[in-house]
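The values are calculated or read from the model by the stated rules, or taken from the named source; none is laboratory data. This is a predicted model, so every value here is computed, not measured. Neighbour counts run over all protein chains shown; Cβ positions are idealised from the backbone, glycine included. Heavy atoms of the whole protein, side chains included, go into the accessibility calculation; ligands, DNA and RNA do not. Shrake-Rupley method; radii C 1.70, N 1.55, O 1.52, S 1.80 Å.
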Amino acid sequence: MTTTNGNSDTVPIKGVPCNNRIEALSKHFYDEFGCKPTYFVRIPGRVNIIGEHIDYCGYPVLPMALEQDILVAADLTKDSKLYLRNINSKYEKFDLKINLFEDIDIKPDSNGKPFWYNYVLCGIKGGLEFINNEMIHGIRLFVDGIIPPASGLSSSSALVSAACLAFLYAQGAGLNKIEIATLCAKSERYIGTQGGGMDQAIAFLAEKYSAQYITWQPLKATPVALPEEASFVVAHSLAEANKAATNDYNRRVIECRLAARILLTSSDATANQKVITLCQAQNILGKTLNEMVDLVHDFLPKEMYTKSEVCSILNIDENTMNNLYLTPNTSHLNEFKLKQRALHVFEEALRVEDFRKTCTQTTVNGKTAHSNGSNGVTKDATETTIVKLGKLMCSSHDSLKNLYECSHENLDRLVDISRKMNVHCRLTGAGWGGCVVALCPNDKVNEYIEMLKDEFYVKHCDIEKSKANAYVFATTPNYGAIIYDIR
Ligand code: ADP
Ligand code: NG1
Ligand code: MG
């Protein structure tokens, strides 16, 4: 799969880069299976710069790919089996005879936490469904992942996508990047979470040096140049949150669905039962995002709605509500926060638009100039751009904390510590733990990282300063998915 042809077809790269990681993974593969891998698949993690919890509502998001990735060594087998290994011994071996996609059962452990290999099975199941069960080869996979897991940097989607891509490549199936990103988003839902598709989209559509403005229906990625004068710094809160192990994530998804359905009742417009996103509701109502914010205040005034209230507003019974809008792990819920979730979504969608516009142009004395190079933008204008972007990130975090209630005390602490240095940051990914992303002027990056080490990792988390390096890093936009074929 090349990384230079935007939204078009996937083409494998011949050969593999010579580096220690590839060599070590090849050796593990050989020691385990007695043969060399014949191809490698690499899928990056991502950091979402802005646009949180709005992909599943149909609104654009602005992520970029990380250098940290899931790298998988692979080979075909003549039987119809999956042989799965992981370089990290905490992830146990797993083998499975692959039959029909319908037969791949993806169940969590007795505590409701997914097994690591369930994410791989999601990718295989989705791939098998795509090829109508017409499997030609089994597959050996050896996984080496360096994306911090359960940290909002999309380790799960990198694993699902790597498995799906490796499996389909083994079958000789040709898919373009848009198709496979869409397929992987659908495949990951087998884990139980109703994700929106951002992680899989950036995994395949990312390009080096630019973030991507991702829009839906149809899926499209448009490069966005980020200001050269600032860097993005990612810092781990040291709290992990596995999104499929609780119903926190799906609860937000279904609250947005219910809000969309209730907002639709504000007009006589007819909408079939499949209309479930806030963006679809907005389009049907023909309103601007700001008008949708006003509508929320008028039509969703209460702090909390009970299930029976929602049923009565929508004129449906509980069974219908469960079947149409809820998920297996949310069907027992009786109370929903609709105003708060919908306000976050519409206001975050506005922030994404503002952020993108600010990145691509800045106005100096009435003249428009581009801010992504040395093309005549004054230092003052650039500083204004960074201040503006920082403020948008700051408001995004406040909204996620207060309206969406998906922050964590460690994330809030990182945000507060950063503010002392006038650096704005926000939680990234789903939240409830994981990482923050900060926008920091280049000349302050080292000082900022040192300050986080002292004030957060050493002082608050009791970690030796030398070990704190593992948890905080500056990053620039990286490539998307790659297949290295060495046959
Ligand atoms: P994230 O924000 O990182 O996507 P998720 O909760 O969605 O977090 O998924 C995290 C889960 O993905 C982990 O608990 C683990 O099961 C799986 N995972 C992530 N990275 C790896 C890896 N390198 N090897 C095995 N499993 C992994
Ligand atoms: P993380 O936290 O990386 O698992 C999740 C969703 C995204 C998006 C973000 C919140 C999946 C696979 N990923 O990301 O689609 O909704 O939360 O913006 O469900
Ligand atoms: Mg995930």
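Quick one: grab the alpha carbon gyration tensor of region 214-287, order the square roots of its eigenvalues as a ≥ b ≥ c, and give me rounded if a/c is under 1.5, else prolate or oblate depending on whether a/b is larger than b/c.
oblate
Mind checking the log10 I(q)/I(0) for region 28-106 at q = 0.19, 0.21 Å⁻¹? Debye, one equal scatterer per Cα, no solvent, two decimals.
Here log10 of I(q) over I(0) equals -0.98, -1.03.
Report Rg(Cα)/(2.2 N^0.38 Å) for region 77-186, keeping two decimals.
Against the compact-globule rule of thumb, the ratio is 1.02.
Checking the a/c ratio against 1.5 first, then a/b against b/c, what shape does the Cα gyration tensor give for the chain?
Cα axes put the chain in the oblate bin.
Write down the Å³ per residue value for the convex hull defined by the alpha carbon atoms of region 154-193.
Spread over its residues, the Cα hull of region 154-193 gives 61 Å³ apiece.
For the chain, with every protein chain kept in place, what is the accessible area per residue (1.4 Å probe, Å²)?
I get 42 Å² per residue for this part.
Counting only protein heavy atoms, what percent of the accessible surface of the chain is carbon or sulfur at a 1.4 Å probe?
About 48 percent, which is the carbon plus sulfur part of the accessible surface.
What are the extents of the Cα atoms of region 173-256 along their three principal axes, listed from largest to smallest and rounded to whole Å?
39, 39, 26
Tell me, rounded to the nearest percent, the portion of alpha carbon pairs in region 22-68 spaced more than 12 Å apart.
For region 22-68, the share of Cα pairs beyond 12 Å comes to 71 percent.
What pairs in LYS27/LYS243; LYS97/LYS243; LYS90/LYS337; LYS177/LYS391; LYS388/LYS465; LYS78/LYS113 have C-alpha atoms more than 30 Å from each other?
Too far apart for the 30 Å limit: LYS27/LYS243; LYS90/LYS337; LYS177/LYS391; LYS388/LYS465; LYS78/LYS113.
Taking amide H atoms as placed 1.01 Å from N in the peptide plane, list the residues 5 or more away in sequence, or in a different chain, whose amide H sits under 5 Å from that of LEU226.
It is ALA211, by chain and number.
Which residues make up the longest stretch of the chain that has no GluC sites (Glu not before Pro) in a DSSP loop with at most 10 other Cβ atoms within 10 Å?
Counting only loop sites that pass the neighbour cut-off, the longest clear stretch is 135-302.
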